[in-house]
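Can you read through this structure? Questions will come right after.
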Amino acid sequence: QETTEAALTLLRMWAERRGIPQALYVDGRTTFFSEDGRTENTDFGKVCRKLGTRIIRARSPQAKGRVERSNGVFQDRLVKEMRLE
């Protein structure tokens with residue numbers, strides 16, 4: 001699920017393995033942006049500010065769908081591989 005807790009867990013796991021990211025490219029969900037469009041008003045935004053990680057909002061439909069399409073491909077492959085097993 002796309003919750004603040006899940007996003008923070010993923011960010012922690014990423015930072016432990018690869019270091020703190022300089023920037024994150026995200027969609028406009030309330031996990032990342034408040035209703036007024038500011039990141040400073042969210043818990044995730046506060047953590048990123050403390051880490052020095054910039055949050056970049058995806059604005060185009062193509063950019064917003066890129067991650068979802070990618071995940072769909074991975075999920076599709078998983079199902080096919082499980083059937084083969």
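The values are calculated or read from the model by the stated rules, or taken from the named source; none is laboratory data. If you're wondering where the values come from, they're calculated on a predicted model, not measured in any experiment. Neighbour counts are summed over all protein chains in view; Cβ atoms, including those assigned to glycine, are modelled from backbone coordinates with ideal geometry. The area values use the complete protein model at the heavy-atom level, side chains included, leaving out ligands, DNA and RNA. Shrake-Rupley method; radii C 1.70, N 1.55, O 1.52, S 1.80 Å.
Which of the residues belonging to segment 9-42 are of a type in the set (A, V, I, L, M, F, W, C), under 16 Å from Arg54 (Cα atoms) and either over 9 Å from the mean Cα position of the chain (by Cα) or in a loop (DSSP other than H, G, I, E, B) (or both)?
Across segment 9-42, the qualifying residues are Trp14, Ala15, Ile20, Ala23, Phe32, Phe33.
Within the group Arg17, Arg54, Arg59, Arg49, which residue is basic (Lys, Arg), surrounded by fewer than 11 Cβ atoms within 10 Å (Cβ to Cβ) and modelled with pLDDT of 80 or more?
After ruling out the rest, the residue left standing is Arg17.
Filter segment 20-37 down to the residues that are open to solvent by 40 Å² or more (accessible area, probe 1.4 Å) and either farther than 15 Å from Thr4 by Cβ or of a type in the set (Asp, Glu) (or both) and list them by number.
Ile20, Gln22, Ala23, Tyr25, Glu35, Asp36 - these are the residues of segment 20-37 that are open to solvent by 40 Å² or more (accessible area, probe 1.4 Å) and either farther than 15 Å from Thr4 by Cβ or of a type in the set (Asp, Glu) (or both).
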